[in-house]
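The values are calculated or read from the model by the stated rules, or taken from the named source; none is laboratory data. Everything quoted here is computed from the prediction, not taken from an experiment. We place every Cβ from the backbone using ideal geometry, glycine too, and count neighbours over all the protein chains shown. For the accessible areas, the whole protein counts, side chains as well, though only heavy atoms, and no ligand, DNA or RNA atoms are used. Shrake-Rupley method; radii C 1.70, N 1.55, O 1.52, S 1.80 Å.
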Amino acid sequence: MNPQVSIVTPVYKVESYIAECVQSVIDQDYDNIEFILVDDCGGDNSIHIAEELLTGSTKSGFSYKILRHEYNRGVSAARNTAMHAATGDYIFCLDSDDRLMAECISKLAKKAVNDDADIVMCGHQSEAEALNRGGFMNAPISIIEGRNSILNALCDQWFNVAPWCKLLKRSFILQNKLFFLEGIINEDNLWTFQLCLAAHKISFLKEDLYFYRYNKSSIMSDSKQLVILNSNKIILQNFLNEIIHIASLWNNISIYKIYMRQLILYYTMLIKYGRTDDLQKFARELGKYKYCSEYFSFWKLEVATYYRMWNIAFLLPSFLRIFYIKAIVCAQEKVTS
């Protein structure tokens, strides 16, 4: 069996890297690839460089599409545009400043077919400033099945939350409407959480088949503090919405930990960026971010002390929360510094 794989790539201000990215797709040792690039109006020569390389390719079993946005809509919208246009059996997200190892798609596709997995994940390489970004493949086994096992793996950080390094069944994406939330950054966390809620089986291929590059001019680097904060607030609310609509998740300790990491991240950012007015407002509203779970307690001993200390904030009167949150963030900064 030789399923078609659609590789989807947003293109935005990457003229220094796009040739290497595109060539790595052309050089795949797999002969049933649909390559979909979305020009997200970066205003440089990125898409022209890509098109020149692609028109010169005569590789058998390789096709490509170049789609164009009318204006810059962001990486989430560009990925969604490509995913809606894809016709392959599987979808793989490739960032336009990264590249694939020559055997990446062939090995992932073989694994996906053999295991009949909704998602197959591989490891990645990186260098310089990218070394500590994105997380790494730490899965101790090759297959996990069932929602609870998958959520436990996400909680225990068996894999990174980036869209890349993941081959997904297109039918799985379409049936579960697993598209990226547009208009925000750091969308990877929410999308991967939603993948894990929907997946029945995930396979792991413990080989580094993807090269990740940290691009200083990317959306992560150029975003302003307010955009980052607003995005994380939206993500936190969406995490909560997903959880409260599935009552069976409420008393899953892995769900609690995953959620608390997002909540702590958000409140830590409010303090880090000096958004005192926002902190006062959202300290008062903290109760809205609690759901029906036994783990929101200081006395639940199976919950790590770190999280139980944060749980106290939910119990305090609203006028005291801001002082407590500031104190606990300050304490955690000292511990990690």
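So here's what we get for this one:
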item	result
Residue-count net charge about residue 327 - beta-carbon cut-off 13 Å; Lys, Arg +1, Asp, Glu -1	+2
Longest DSSP-loop-exposure-free segment, trypsin sites (Lys or Arg not before Pro), the chain, at most 10 other Cβ within 10 Å	1-176
Above-threshold pairs, the threshold being 19 Å between Cα atoms, out of 166/257; 65/111; 300/334; 272/326	166/257; 65/111; 300/334
Selection from 274, 38, 24 lying farthest towards where the dipole of the chain points positive, charges on Cβ	274
Length released on extending from residue 156 to residue 113, taking residue separation times 0.36 nm less the Cα-Cα span	12.9 nm
Over the range 148-188: Rg over Rh, Cα atoms, Kirkwood Rh	0.99
The chain: DSSP helices with Cα axial extent of at least 18 Å and average Kyte-Doolittle hydropathy no lower than -1.0	225-244, 253-272, 318-336
Assigned charges on the beta-carbon of Lys, Arg, Asp, Glu; the range 170-282 dipole about Cα centre (debye)	120 debye
The range 225-276-the range 26-97 distance, computed between alpha-carbon centres (Å)	32 Å
Separation of alpha-carbon centers, the range 299-337 and the range 183-218, rounded to whole Å	29 Å
DSSP bridge orientation in the chain - percent antiparallel, rounded to nearest 5	30 percent
Cα lying deepest toward the dipole's positive end in the chain, options 194, 64, 112, charges on Cβ	194
22 Å tail of the calculated P(r), the range 21-104, as % of Cα pairs	21 percent
Charge dipole (debye, nearest 20) of the range 1-135; +1 at Cβ of Lys and Arg, -1 at Cβ of Asp and Glu	220 debye
Calculated [θ] (222 nm, deg cm²/dmol) that DSSP helices of n ≥ 4 give over the chain, each run adding -39,500 (n - 2.57)	-14000 deg cm²/dmol
The chain, relative contact order in percent, only Cα pairs under 8 angstrom and at least six apart counted	16 percent
Solvent-accessible area, 1.4 Å probe, carbon plus sulfur percent, for the chain	51 percent
Longest DSSP-loop-exposure-free segment, chymotrypsin sites (Phe, Trp or Tyr not before Pro), the chain, at most 11 other Cβ within 10 Å	72-298
Accessible area in the full protein assembly, largest first, 1.4 Å probe, for 46, 60, 106	60, 106, 46
Bins of 5 Å from zero: percent of alpha-carbon pairs in the range 163-214	4, 15, 26, 23, 19, 10, 1
Exposed-site-free run, longest, the chain (rule: GluC sites (Glu not before Pro); DSSP loop; at most 10 other C-beta within 10 Å)	128-301
Size of charge dipole - the chain - debye, nearest 20, with Cβ of Lys, Arg +1 and Asp, Glu -1, no other charges	1560 debye
Solvent-accessible heavy-atom area per residue, rounded to whole Å², over the chain at 1.4 Å	45 Å²
Cut-off 11 Å between beta-carbons: net charge of the residues surrounding residue 282, Lys and Arg +1, Asp and Glu -1	+3
